[in-house]
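Data block below; observations after.
The values are calculated or read from the model by the stated rules, or taken from the named source; none is laboratory data. Quick caveat, the model's predicted, so the values are computed rather than measured. Cβ sites come from the backbone with ideal geometry, for glycine too, and all protein chains shown count toward neighbours.
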Amino acid sequence: MQTKAARMRDLVRQILDGDTLHPHQKIAAQKTFAAFDGEVRAVVTAAEMQAGKSGVALALACLQRLSLSDEDICEKAKLKDTLYLVTMPDLALIDQAEKDLSLAKNIVVSNFVRFEQDLERHFKGHPPKLILIDECHYGSNAASIRYCSIFDYLEKQNDQCKVVFISATPFGALYAAEQDYEVAKHLESVAIKENDKAAQREAQQLAEVAARNSILRRDFQTKLVFHRTSPEYYGVRQMLASNKVTHLDSTTRNFLDQSVARDKFMQLFQDYEGAGWALVRVTAGMAMQAKDELIASGINPSNIFILGSNLQDVPDEELTTIDRFKREFDECIDFEEKLIAITVAGCRAGINFGQMMKTRLIATWDNTITSVASVVQANIGRACGYHQNRDAAHFTNLNAAQAYGAILDYLDKNTAEHAASDFDGLREFFEDVCQEFNVNGLDVGLAIKSKRRRPIGDVETYMTDSYIAVPARLLNPEYDFTLHTRDPLLLKAIELLREEMIKGGGPIVKGNRAMRGATKNWVKAQWVNGDSFDNPEKARKEGTMKERAIKFAQRLDDKLPIEFNQIVLPGAGEYTENKHVTAIVFSVFNISRRDVTKKIMLESDVYQMCEHFGIPHDNTMFLLFKRGEYDADKTRIKIESNEGPDLITLIHDESQFSEKERNK
């Protein structure tokens with residue numbers, strides 16, 4: 001038995017030690033597998049775009065095989081011990097995964113649609129010991145409902161199995177359903193106040209659904225592992241550092257509109273010498289118009305390809321499969337021609353164009369500016385990986401790309417020695433990043449829908465009572481703030497803000513601060529840096545932070561009513577009813593994470609604000625707004641506006657390449 005077991009283990013080690021896997025992939029797999037200690041049953045592995053996630057999965061399958069006892073590893077009936085699930089229902093992705101993982105004889109590749117059938121077919125009497133879920137970021141949208149069946153299986157039928165979630169952008173999936181859980185609990189508290197038993201039961205059911213959808217199952221003791229690439233890797237952070245990303249905003253992102261950015265894109269394409277290609281992503285319904293624009297610019301129609309199937313407003317004869325496009329590119333190399341591929345939003349992002357095409361990529365254009373995950377998983381993500389092309393330019397949402405880079409930097413620092421488990425801290429960081437880089441979110445979240453549609457969101461409305469402006473005097477612990485106010489609530493808020501600013505031996509320049517914990521979170525702080533102070537690009541509905549502060553204060557000076565909700569700007573899971581003071585902190589000690597010219601406020605900027613509000617000069621100024629009375633009428637109006645007819649939630653797959661496969 002021992003001799004046979006040794007031989008079986010040697011076959012597995014040949015895969016681990018062979019040329020197929022890179023050292024960084026094996027390290028990531030070992031780190032992931034080692035995270036399954038104690039009660040840990042789930043690990044989230046974050047790996048950058050095109051960093052070799054399939055190699056990590058292959059190594060994990062090998063490690064799972066080696067973990068078997070001598071008796072089990074010799075039993076053929078127990079050969080299949082690992083289930084690999086492709087999140088998107090695309091048979092082409094299953095085929096690709098089967099090729100990538102073919103060396104591991106113990107893996108069965110499936111998807112969420114047919115995994116129960118494959119469990120019966122391939123794991124007869126011997127359930128899998130490890131489940132790998134690829135591209136788990138799709139779990140943060142409506143498709144996350146599918147996770148229920150996986151977790152039900154793990155909890156009710158196979159309580160010894162462990163699960164690994166793998167994605168380059170798992171961030172939204174980490175807490176999207178958690179956020180919905182908090183919303184549901186908020187609805188429950190509102191129903192209790194209203195003594196509405198039916199609404200209370202409904203909210204409890206919604207909370208249960210949200211908890212079941214979350215990949216952060218509390219009883220699974222989930223951990224997170226960050227896959228560190230080798231120095232040869234070229235990804236989003238490297239592109240940002242080499243200034244290869246051009247920002248597209250609402251005025252320039254439409255590829256059909258002439259702009260300086262589009263002229264630059266076209267010039268790069270036309271000036272490129274030799275065989276090459278470019279990738280253009282547009283919104284649904286614009287593919288044919290984009291092709292017409294390219295033809296009008298002088299590009300040969302036969303060199304323009306629209307990728308996809310059953311696309312809106314695109315005749316079938318105009319559509320091209322990915323495989324055919326790759327063959328066309330192989331042929332154009334000999335003739336030194338240049339091609340352009342057009343895709344539309346909603347099409348499968350995880351296209352593997354291959355090493356050769358990456359080295360010949362000229363530029364990418366992403367017409368769709370939405371969440372962090374959708375931006376980096378699309379065009380710019382297709383250019384990441386291990387290759388020598390450092391010249392390709394990318395036109396996309398720079399803010400989203402920078403936010404992704406900041407997240408990677410954070411994971412790099414906070415998962416250095418072992419797998420991270422501080423998901424509360426991670427979530428708070430994510431929220432800070434979204435606000436800092438002015439992006440809509442990490443991914444498209446799973447929205448709770450109910451048959452009666454209870455009001456969801458920050459509907460409990462309060463008015464603003466008053467405001468004060470004070471110099472922070474961070475270096476003067478004896479400063480008497482009663483010179484500015486005798487309100488005990490505002491004085492306590494000032495004390496807490498000062499504590500946060502000088503925490504850790506400060507004041508020091510920091511990129512993120514937070515008023516966390518029960519003793520502090522009644523104060524909502526908005527930390528203004530050089531970027532958010534007066535950069536129009538960072539402006540919200542009421543303007544930049546400078547403009548917002550002056551406008552809100554002026555309205556109160558003019559005795560005009562203003563909602564406290566507008567000033568609070570509650571983040572995910574936050575509600576105005578839990579905030580009593582909002583502080584806008586103008587300081588030279590706040591720094592932007594974004595790659596901008598002005599990261600920190602100038603001292604003269606803070607002086608300017610001090611002068612406007614008539615207080616002594618300081619390098620930090622607190623502008624504090626106090627919550628006023630509850631407005632029942634405005635609350636009722638918001639509640640009524642949320643009410644509507646019964647809703648039926650439909651789950652839409654984010655793939656237009658696989659319509660025929662899904663209908664099989």
- Message: Among the residues of segment 343-358, are any modelled with pLDDT of 90 or more and assigned to a helix (DSSP H, G or I)?
- Response: yes
- Provide a single number: the residues in segment 590-623 that are of a type outside the set (Val, Ile, Thr), under 19 Å from residue 544 (Cβ atoms) and more than 27 Å from the chain's Cα centre (by Cα). 15
- Message: So the check is Cβ under 9 Å with 6+ separation or different chains; which pairs have a first residue in segment 546-569 that's closer than 21 Å to residue 620 by Cβ and in contact (Cβ under 8 Å) with a residue 40 or more places away in the chain and a second one that's exposed (fewer than 15 other Cβ atoms within 10 Å of the Cβ) and of a type in the set (Lys, Arg)?
- Response: 569/540
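Table: residues versus (1) assigned to a strand (DSSP E or B); (2) polar (S, T, N, Q); (3) within 20 Å of residue 535 (Cα to Cα).
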| residue | (1), (2), (3) |
| --- | --- |
| 565 | no, yes, no |
| 570 | no, no, no |
| 582 | yes, yes, no |
| 586 | yes, no, yes |
| 595 | no, no, yes |
| 606 | no, no, yes |
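Please specify each residue of segment 608-638 satisfying the condition of being without any contact (Cβ under 8 Å) to a residue 24 or more places away in the chain and either assigned to a strand (DSSP E or B) or basic (Lys, Arg) (or both). Before you say what the answer is, go through the steps one by one.
Of segment 608-638, the ones without any contact (Cβ under 8 Å) to a residue 24 or more places away in the chain are 608, 611, 632-633, 636-637.
636 - this is the single residue of segment 608-638 that is without any contact (Cβ under 8 Å) to a residue 24 or more places away in the chain and either assigned to a strand (DSSP E or B) or basic (Lys, Arg) (or both).
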- Please name all residue pairs, on different chains or six or more residues apart, with Cβ atoms under 8 Å, provided the first residue is in segment 150-165 and is free of Cβ contacts under 8 Å to residues at least 24 places away in the same chain and over 10 Å from residue 220 (Cα atoms) and the second residue is surrounded by 11 or more Cβ atoms within 10 Å (Cβ to Cβ) and among the aliphatic types (A, V, I, L, M). none
- Looking across segment 492-518 at residues that are charged (D, E, K, R) and in contact (Cβ under 8 Å) with a residue 40 or more places away in the chain, the single one that is farthest from residue 619 (Cα to Cα) is 516
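I'd like the full set of residues that are of a type in the set (Lys, Arg) and touching a Gly at 6+ places or on another chain (Cβ under 8 Å), limited to segment 528-574.
If the condition is that a residue be of a type in the set (Lys, Arg) and touching a Gly at 6+ places or on another chain (Cβ under 8 Å), then 551 is the only one that fits.
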- Message: If a residue must be over 12 Å from residue 224 (Cα atoms) and either β-branched (Val, Ile, Thr) or outside any helix (DSSP H, G or I) (or both), how many such residues does segment 18-45 contain?
- Response: 9
- Message: Show the residue pairs meeting these rules: Cβ distance below 7 Å; 6+ apart or different chains; first residue within segment 1-30 and under 25 Å from residue 168 (Cβ atoms); second residue among the basic types (Lys, Arg).
- Response: 16/26; 24/228
- Scan segment 53-65 for residues that are in contact with a Phe, Trp or Tyr (Cβ under 8 Å, 6 or more places away or on another chain) and within 29 Å of residue 405 (Cβ to Cβ) and report the count. 2
- Task: Answer yes or no as to whether residue 321 is within 30 Å of residue 56 (Cβ to Cβ) and either touching a residue at least 60 places away in the same chain (Cβ under 8 Å) or not charged (D, E, K, R) (or both).
- Result: yes
- Query: Looking only at helices (runs of 4 or more DSSP H) that fall completely inside segment 230-327, which ones have 3 or more residues that are outside the structural domain of residue 23 (by TED's automatic domain parsing) and within 29 Å of residue 408 (Cβ to Cβ)?
  - Reply: 236-241, 260-271
- Would you check if there is a residue in segment 129-143 being at pLDDT 85 or above, farther than 19 Å from residue 52 by Cα and not in a helix (DSSP H, G or I)? yes
- Only one residue in 265, 305, 226, 269 is among the aromatic types (Phe, Trp, Tyr) and farther than 18 Å from residue 379 by Cα. Which one? 226
